[in-house]
């Protein structure tokens, strides 16, 4: 059960190929590793840059596809992964050398389906500096672990980490259907689906580092990220009509609170708006909690920003 498939989703990440791949090869105590890179229609030579950086690697797969969005790119990677554990990696994120080992051990020790750590940052201008990485790659020791026996409740509350912080069981991810292909952002819908399949465990350690201040990062687009959190919840409700009422009500409260905060700040809405009414009713646990109702929590983000959707 120690084999790991590293599934790396890339889009216009050619400039990060060297530090990302160097960190992948430096992962400790991983005897059986497979590397699956998915280039989601990049226009900057990403596939070529990663191919050059990984020349001669064993168990290497590079998938090139037309631009379809992160969810479908991740699903393409999951479909090609053959090892029992999968370490997700963003094409611009650098893993701590102990990241995979610590997350793998936590999953196996607690018979969990999903383990996660924290996300740190690095300075892209210092990516070639050994001293810069020495500071970030200090030994973890034995990080504290938190077992989450109700991961669905945990995930409804939100997601404070990104895919590069996550390791999961391949069979569970594939049986769950991977990411929701109706949603552009990949990680939250996959996490919701896995929350129905077993316990999660978090480790108190920074396991990955993202380029600080890079405006091209998906996480920098607040409207897209928040919209897709709500869209993933709406899709999850549609896919699970049997979901107990307490979860459905918690989802409605969370989604409409997120929508109202955005509508107030970015859309200049007031307490006389429909956005506030939906928020207030959700807090009182009064509105229906079906798919059509939840879809309305996506509207404030579409009103103020251009939202992307999967292609193909």
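Here are the numbers for the structure shown:
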{"read-out": "Where a residue in the range 141-170 is without any contact (Cβ under 8 Å) to a residue 12 or more places away in the chain and its partner, wherever it lies, is buried (at least 16 other Cβ atoms within 10 Å of the Cβ) and part of a loop (DSSP other than H, G, I, E, B), with Cβ under 9 Å and at least six apart", "value": "150/195; 150/199"}
{"read-out": "Some residue of the range 226-247 being exposed (fewer than 15 other Cβ atoms within 10 Å of the Cβ) and either assigned by TED's automatic domain parsing to the domain that holds residue 125 or under 30 Å from residue 23 (Cβ atoms) (or both)", "value": "no"}
{"read-out": "Failed criterion for residue 172 (all others in (1) modelled with pLDDT of 95 or more; (2) outside any helix (DSSP H, G or I) hold)", "value": "(2)"}
{"read-out": "Residue match in the range 180-200 (condition: crowded, with 23+ Cβ neighbours inside 10 Å, part of a strand (DSSP E or B) and in contact with a helix residue (DSSP H, G or I) (Cβ under 6 Å, 6 or more places away or on another chain))", "value": "yes"}
{"read-out": "Wholly enclosed strands (runs of 3 or more DSSP E) of the range 1-118 bearing at least 3 residues in contact (Cβ under 8 Å) with a residue 12 or more places away in the chain and surrounded by fewer than 22 Cβ atoms within 10 Å (Cβ to Cβ)", "value": "60-65"}
{"read-out": "Out of 193, 157, 182, sole residue that is at pLDDT 95 or above, over 17 Å from residue 88 (Cα atoms) and out of contact with any strand residue (DSSP E or B) (no Cβ under 9 Å at 6 or more places or on another chain)", "value": "182"}
{"read-out": "Residue that is surrounded by the most Cβ atoms within 10 Å (Cβ to Cβ) [pool: residues in the range 119-152 that are in contact with a helix residue (DSSP H, G or I) (Cβ under 7 Å, 6 or more places away or on another chain) and in a helix (DSSP H, G or I)]", "value": "152"}
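The values are calculated or read from the model by the stated rules, or taken from the named source; none is laboratory data. This is a predicted model, so every value here is computed, not measured. Every residue, glycine among them, receives a Cβ derived from its backbone with ideal geometry; neighbour counts consider all protein chains shown.
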